Amino acid sequence: MFLTWCCWSLRLFLWQFRNDEGDYRDNTITYAAEIRTQDALAMAPRAQGALRLVAKRRAKDTVIADLRQEGSLKALFPKVRGTALDAVFLNTAGGLTGGDRMQIETTAGEGAHIVLSSQAAERAYKAQPDQFAQTDVRLDVGPSGRIDWLPQETILFDQAALNRRLTVRLASDATALVVEPIIFGRVAMGERVNTLHLTDQWRVWRDDELVFADAIRLIGDAAALLKQRAIAAGAGAIATVLFASPKAAAFADSFDLPQTSGVSLIAEHVLLIRMLAADGFALRRQLIPVVEALSSAPIPRVWRL
């Protein structure tokens with residue numbers, strides 16, 4: 001008897017709730033769906049990766065002294081073609097989006113030479129509002145050492161949000177070749193970057209003295225901003241090449257660059273090249289001869305694939 005009374009009471013309560021608030025079932029399901037959607041956005045998994053590579057000199061060759069890989073960053077080591085250590089890093093997450101965190105630390109010991117490149121072009125995808133992907137690259141080069149930082153292009157898609165930072169620390173006679181190409185949407189695919197957040201900060205130190213600092217801040221309608229003559233004159237791809245070396249001055253007049261690109265000897269040991277091109281293909285045609293001229297090792301094979 002008591003159980004029967006409870007069941008009727010529950011039915012009466014649900015009937016009253018339905019009459020007062022509408023169909024309680026639809027309201028409950030809709031509300032629950034909204035909560036799940038909000039929680040999914042707030043708690044969506046983000047890619048994180050860390051890579052630490054230390055190399056040392058052994059006779060004429062450079063070999064791995066220490067290697068640590070975490071999360072979505074991995075390193076591969078192709079067959080040696082010279083005395084330098086060839087390393088290729090890859091982001092197994094497949095790209096960057098808001099909230100991702102990537103950190104790469106590379107150290108070349110005394111007399112060591114590392115050539116570090118990426119397996120493929122990195123991609124920065126659409127991000128949720130107020131969420132940014134962050135990458136932090138640190139290169140430390142010991143006495144008589146060298147690091148060639150040669151990642152392939154970073155492709156920026158519409159509504160991408162990316163903050164990048166590069167820090168290079170050099171011994172007095174060390175060398176660093178740093179190359180960073182960027183593509184603002186793929187022309188062949190008809191892509192246009194109308195909304196973008198990009199910051200890119202570079203700092204280069206030699207014997208604890210700051211010898212080069214650079215910052216790019218491109219926020220807003222990237223397609224419209226790049227059309228401005230003072231910014232990119234309509235170019236869809238850019239590249240920055242920095243050669244910090246005691247031999248930098250010898251290369252100041254070595255390049256036959258188009259009118260959209262230029263080279264400057266910032267200091268006796270710092271050579272800077274800026275490149276503008278219509279698209280990624282045209283940019284790479286400019287870039288490869290420059291990299292080959294400044295690099296003392298064969299250009300990474302991943303650039304040829």
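A few notes on this one:
- Listing of strands (runs of 3 or more DSSP E) fully contained in segment 172-222 that carry 3 or more residues being under 17 Å from Arg123 (Cβ atoms) and hydrophobic (A, V, I, L, M, F, W, C): 175-184
- Just one of the listed residues (Asp136, Asp140, Asp173) is modelled with pLDDT of 95 or more and in contact with a Pro (Cβ under 9 Å, 6 or more places away or on another chain), namely Asp173.
- Residue match in segment 100-119 (condition: open to solvent by 10 Å² or more (accessible area, probe 1.4 Å) and at pLDDT below 95): yes
- Screening the candidates Leu287, Leu257 for the property of being surrounded by 12 or more Cβ atoms within 10 Å (Cβ to Cβ) and either on the phi > 0 side of the Ramachandran plot or within 19 Å of the chain's Cα centre (by Cα) (or both) yields one hit, Leu287.
- Residues satisfying the stated conditions in segment 120-132, i.e. acidic (Asp, Glu) and either open to solvent by less than 50 Å² (accessible area, probe 1.4 Å) or in contact with a Ser or Thr (Cβ under 8 Å, 6 or more places away or on another chain) (or both): Glu122
- Residues that are surrounded by 13 or more Cβ atoms within 10 Å (Cβ to Cβ) and part of a loop (DSSP other than H, G, I, E, B), drawn from segment 59-76: Ser72
- Sole residue being modelled with pLDDT of 90 or more and either of a type in the set (A, V, I, L, M) or surrounded by 14 or more Cβ atoms within 10 Å (Cβ to Cβ) (or both), chosen from Ala215, Ala297, Ala230: Ala215
The values are calculated or read from the model by the stated rules, or taken from the named source; none is laboratory data. Owing to the predicted nature of the structure, the values given are computational and were not obtained by experimental measurement. Positions of Cβ are generated from backbone atoms using ideal geometry, with glycine treated the same way; all protein chains shown enter the neighbour counts. To get the accessible areas, we keep the full protein, side chains included, count just its heavy atoms, and leave off ligands, DNA and RNA. Shrake-Rupley method; radii C 1.70, N 1.55, O 1.52, S 1.80 Å.
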